[in-house]
Amino acid sequence: MTDTSNTASPRPAPVEIEPNWTRSRGTTICWIALAVLLAWSWGPAEMSNWPHLFTDSGNMAQYAKEFSHPDFSDWRYYAQEMVVTLQIALWGTFLAAALAVPLGVLSARNMAPWYVVQPVRRVMDACRSTHELVFAVLFVVAVGLGPFAGVMALFVHTTGIFAKLFSEAVEAIDARPVEAIRSTGASRIQEVLFGVVPQVMPLWISFTLYRFESNVRAATVLGVIGAGGIGQVLFESIRGFYYPQASAMLIIMLVTVSVLDFVSQQMRKLFL
Amino acid sequence: MTAISVRNLSKSFGKKRALDEVSLDIKRGEMVALIGASGSGKSTLIRHICGLDTASAGHSNIEILGKLIQESGKLTAEARAIRGRVGVVFQQFNLVNRLSVLSNVLFGNLGRIPAWRGTLGWFSAEEKKAAREALARVGIPEVAWQRASTLSGGQQQRAAIARTLVQRSDILLADEPIASLDPSSARRVMEILAAVNRDQEITCVVSLHQVEYARRYCPRTIALRDGRVVFDGPSSQLTNRMLVELYGSNSEELILPDAPTYPVKPKRAAPVGSAPAFA
C-alpha cells in the first residue's frame with residue numbers, strides 16, 4: 001500500500017459489489033431440477049386423473065350427503081372402542097418412554113463413549129425410520145390380530161423417537177452440577193440420576209405427553225390393518241358403505257383427540 | 001502428614017500450557033490460598049487434584065492422603081473412592097437447580113453410604129438431620145425446602161459448602177468460591193471456610209482472584225503464573241510490590257483498588273531483601 005493518508009480524496013471510491021454468479025446459478029439449477037422431478041412423477045402418480053375430481057362430483061356429493069347424517073345409535077360401542085384406542089396408545093407410549101430413558105442416556109455423546117453411542121443410535125434410527133404401520137403389519141403376523149399388535153408397533157416406533165429426543169435433551173444439559181455430584185464420590189449411575197435426570201425431566205415429560213397425543217392418532221390408523229380399537233371398526237364400516245356410522249365414529253375421534261390435545265397442552269405448561 | 005501431594009503435573013489445552021511441571025505439598029489442617037491472574041492455572045490445578053481432569057502425558061502423580069488419585073495422566077481405580085474424601089466448592093456453586101436445597105446437601109452422602117441406598121435416594125433420618133445441621137452451620141437453616149435456583153448467589157455457595165460438610169471430607173477444595181459474590185457474601189463465605197478449617201481441621205485449598213482475601217484468611221499462599229508456581233510461602237510476605245514484580249501489569253486485577261499496600265495484619269514486618277521461597 002502506498003501512503004494515501006496525505007492525499008486522501010474527499011470522495012470515497014465507489015464500491016462495486018460483484019454479482020455472485022455461483023449463487024444465483026445454483027438457485028436456477030435447483031428450480032429446474034424440481035421442475036424435472038415433478039414432470040417425471042406426473043405419469044406414475046396418475047396426476048392426469050385430476051379432472052375426475054369434477055366429472056365424478058356426483059359421487060362426492062353422495063358421499064358428503066351420507067356423512068352429513070351421522071348415526072349415533074351405537075355410540076356406546078364406538079366410545080368403548082375409542083377407549084381401547086386410548087389404552088393402546090397409553091401402553092405403547094409408556095413402554096417406549098420407560099425404555100427410552102436408558103437408551104436416551106446411552107445415545108447421548110456427553111454420557112457414553114462413541115462405541116456405545118453409535119450402535120445404540122443406529123438401532124434407534126431403524127426403529128424411528130420405519131412407520132408404525134409397517135411394524136403393526138409385522139406384529140399382527142407375530143402376535144395375531146388385535147390391540148396388542150398395535151401396542152407393540154407404537155412401542156417400537158416411539159422408542160426410536162424418544163431415544164433421539166431424550167438424548168438431545170441430555171446433550172444440552174449443564175455439565176457443572178454433574179461434576180459436583182461426581183466430586184462427592186458418587187457412582188456413574190448416581191451422577192445420571194441426580195445430576196442429569198432432574199435437569200431433563202421437564203423436557204422428557206413434555207415430549208412424552210406430546211407423543212401420547214400423536215400416538216392416539218396413530219393408534220386409530222393402526223386399527224385399519226387389524227390392530228384393534230376404533231380404527232378397525234371405522235375401516236370396516238367404510239368398506240361396508242355404512243357412512244352415517246362412520247361419520248359418527250369420525251366425530252367421536254375428532255372430539256377425543258381435540259380434548260386430549262387441550263389437556264396435554266395444559267399439562268405440559270405445568271411442567272415447563 | 002501430607003494431605004495433598006502433586007508431582008510434575010503438566011496440562012496442555014491444545015497448544016496452551018495450562019500447568020507446567022507443578023509440584024507442591026500441602027499438610028493436613030493447612031489453609032492455603034491459590035492466587036494468580038485469570039488463566040494462570042488455578043482452576044485447572046484444583047480440577048486435577050479432585051480428579052475431574054487428568055494430566056497430559058508425562059510422569060506426573062497426585063496423591064491425596066497418601067493414596068494416588070491419578071498417575072501419568074490416568075485416574076487410578078481408587079479415584080472414585082478418593083473423590084469422596086475431597087469436597088469441592090465451585091465458582092458457579094453447581095447445585096442441581098430444580099431440586100430442593102436439602103436434596104442437594106444430602107447428595108454429599110453419596111460417596112459414603114451403600115451404593116444401592118444412594119441410587120434409590122434413600123437417606124436415613126440421621127443423615128437428614130445432619131444435612132439440616134450443616135445448613136444451620138453455614139447460616140441458612142430456613143431454606144432447606146426451597147428450590148436451589150431460588151437462592152441468592154451467596155446462599156447457593158453456602159449450600160454448596162453444607163454439601164461438603166455432609167460429605168465429611170478431609171480436604172476441601174474451593175475453586176474461586178467468592179468470585180461471583182458480592183463483597184459481604186464473599187466475606188461470609190470466607191469466614192465459613194476459615195471456621196471449617198479451624199474447627200473441623202479440614203485441609204482447605206482456596207483459589208482466589210484477590211490477594212486481599214488470601215492475606216486475611218490464609219496463612220499460606222501459593223501463587224501461579226502461566227501454569228507455574230512462582231511463590232509459595234507465608235501470605236504475610238506477599239506484599240503488593242512483590243505482586244507487581246511477579247505479575248507486572250496483570251497485578252492490577254489481583255489487588256483491590258482500595259487495598260492497603262502492606263499486609264493487613266503483619267505478624268512480623270517482612271524484612272527487606274529476605275527472599276521468600278520462590279519455586
Are any of the residues in the stretch B:55-69 more than 12 Å from every other protein chain (Cβ to nearest Cβ), over 27 Å from residue B:195 (Cα atoms) and free of Cβ contacts under 8 Å to residues at least 12 places away in the same chain?
yes
Neighbours by Cβ (under 6 Å, 6+ apart or cross-chain): first from the stretch B:99-111, facing another protein chain (nearest Cβ under 8 Å) and farther than 17 Å from residue B:139 by Cβ; second part of a strand (DSSP E or B) and modelled with pLDDT of 95 or more
none
Of all residues making up the stretch A:232-249, the number that are assigned to a helix (DSSP H, G or I), more than 16 Å from residue A:80 (Cβ to Cβ) and free of Cβ contacts under 8 Å to residues at least 60 places away in the same chain
3
It is to be established whether one or more residues within the stretch A:200-210 are at the interface with chain B (Cβ under 9 Å from one of its Cβ atoms) and either surrounded by fewer than 20 Cβ atoms within 10 Å (Cβ to Cβ) or not charged (D, E, K, R) (or both).
yes
Taking the residues in the stretch A:181-191 that are among the hydrophobic types (A, V, I, L, M, F, W, C) and buried (at least 21 other Cβ atoms within 10 Å of the Cβ) as candidates, determine which candidate is nearest to the other protein chains (Cβ to nearest Cβ).
A:186
Condition first: surrounded by fewer than 16 Cβ atoms within 10 Å (Cβ to Cβ), among the polar types (S, T, N, Q) and farther than 25 Å from residue A:257 by Cβ. Can you find one or more residues in the stretch A:100-107 that meet it?
no
Out of (1) modelled with pLDDT of 90 or more; (2) closer than 29 Å to residue B:217 by Cβ; (3) not aromatic (Phe, Trp, Tyr), the one residue B:71 does not meet is (2)
What helices (runs of 4 or more DSSP H) lie completely within the stretch A:68-185 and have 2 or more residues being over 30 Å from residue B:174 (Cα atoms) and either free of Cβ contacts under 8 Å to residues at least 24 places away in the same chain or in contact with a helix residue (DSSP H, G or I) (Cβ under 9 Å, 6 or more places away or on another chain) (or both)?
A:75-106, A:114-129, A:132-143, A:147-171
1 or more residues out of contact with any strand residue (DSSP E or B) (no Cβ under 7 Å at 6 or more places or on another chain) and surrounded by fewer than 16 Cβ atoms within 10 Å (Cβ to Cβ): qualifying helices (runs of 4 or more DSSP H) within the stretch B:42-129
B:79-83, B:115-119
With respect to residue B:95, is the statement that it is over 18 Å from the mean Cα position of the chain (by Cα), on the phi < 0 side of the Ramachandran plot, within 8 Å of chain A (Cβ to nearest Cβ) and hydrophobic (A, V, I, L, M, F, W, C) true?
no
Residue A:229 surrounded by 16 or more Cβ atoms within 10 Å (Cβ to Cβ), touching a Pro at 6+ places or on another chain (Cβ under 9 Å) and under 14 Å from residue A:82 (Cβ atoms)
yes
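The values are calculated or read from the model by the stated rules, or taken from the named source; none is laboratory data. Nothing here was measured: the structure is a model prediction, and the numbers come from that model. Neighbour counts are summed over all protein chains in view; Cβ atoms, including those assigned to glycine, are modelled from backbone coordinates with ideal geometry.
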